[in-house]
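Report on the structure given below.
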């Protein structure tokens, strides 16, 4: 692929070791290979795994070395994503009222370091190069997912569908939706590698189908419709923009109303039960628990703990042991309360507006990437929760695209001095 350049005009070039390190972190942040013995049972993951904690500590130490060594003005650059920093600080502040203060403090530090990696990723690599590195990481997941299934290296948990290099089939499905999106954009920015991008896209779709992750499949088809629609709408006149948004809102509300009033039919069509495989009772119980501590929550990463007195009763009532609320908003409400949820949604809306403005005013193939990812980020959190998760690829990419969009504005003079040649005078 094309040589990788820095995003902010750093004097130090990006070397192969640094690119390899980034690809490794991206692979692990997707949750790949955690189905091996280092991971442990899924119901105990919220308590942490010593092996993974040590590994991530080493990776973040290397991240800090790379970041402060290779990035210009590292301390100033961090604050370029100040809205997200406020969210992270709210999560860290929840240590004071958390049910498990030690766990919340440790996870808050990990969340801060995850944010640092996202800013480092954006400051060292342009959006095009971020997509290239993502493509390499996803290619590794695709190849090994086929190998794990063909050679039965992944122990089955008794549910139909492929797991690949992931612990559950839904993780494989989610990752393959992200993969299809990345390879679609890669085909636009790398025309000479069109064949490779098409192979990656087709392989991702095959794994998505084989995973039998129905929610991920619905999100995939939704993205295939929404992304071209937004590109067509926002790159036209203002009347079409407002009309397009109005049509999208009306269509979304109509679809939601139809689903609610025909839940049995819709879920039967998708091969699900009306309770959405236990999610509907889980959402009701989670909302009831959130109302017990509505404003501040139970503390970041401090709700789904087996040692809390309410948890065995919840599991008994639900007849299964969920490790999360399976909804991003509910999970935020439980962890950081309405205050933290409101701050997060304000920051998300801020970056969504910036992403749509970027899509409207720039014809570059990567200009649609931030808006496309935010759509995936939001839709994915309707039935699972990864809005604010440590060591997670979605949070990393959220921070990276936020930083990239801000750098585009705030470092315009740096770009012009570094990359734009001065006109010659005859």
Asserting the computed 222 nm helical MRE of the chain (DSSP H runs at least 4 long, -39500 (n - 2.57) per run, divided by residue count, to nearest 500) equals -22000 deg cm²/dmol
For the chain, the longest principal axis of the Cα atoms and the Cα long axis of helix 16-29 enclose an angle in degrees, to the nearest 10, of 20
If 226, 359 are placed from fewest to most neighbouring beta carbons inside 10 Å, the sequence is 226, 359
Over all viewing directions the Cα convex hull of the stretch 174-322 casts an average projected area in nm² of 13.1
Proxy exposure order for 331, 18 (fewest C-beta within 10 Å first) is 18, 331
Connecting every pair of Cα atoms under 10 Å apart in the chain and solving the GNM, the largest mean-square fluctuation among 138, 249, 356 falls on 249
The alpha-carbon center of the stretch 194-260 and that of the stretch 114-163 are separated, in whole Å, by 22
A chain fully extended from residue 101 to residue 242 at 0.36 nm per residue, minus the present Cα-Cα distance, gains in nm 46.1 nm
Options (1) 35.1, 129; (2) 23.7, 77; (3) 21.6, 82 for Rg and Dmax of the Cα atoms in Å; the value derived from the coordinates is listed as (3)
Ranked on Cβ counts within 10 Å of their own Cβ, fewest leading, 88, 165, 140 go 140, 88, 165
Within the set 277, 384, 217, GNM on the chain using Cα springs under 10 Å gives the largest fluctuation to 277
Ranked by GNM mean-square fluctuation in the chain (Cα springs under 10 Å), the top entry among 297, 161, 173 is 161
For the chain, the longest principal axis of the Cα atoms and the Cα long axis of helix 369-380 enclose an angle in degrees, to the nearest 10, of 0
In this structure, the FRET efficiency calculated for residue 86 and residue 266 from their beta-carbon separation, with R0 = 45 Å, to the nearest 0.05, is 0.75
Longest principal axis of the chain (C-alpha) makes with the long axis of helix 328-361 (C-alpha) an angle, in degrees to the nearest 10, of 30
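Rule-based calculations on the coordinates, nothing more; no lab input. As the structure is a prediction and not an experimental result, all values here were calculated from the model. Glycine also receives a Cβ, built like all others from the backbone with ideal geometry; neighbour counts cover every protein chain displayed.
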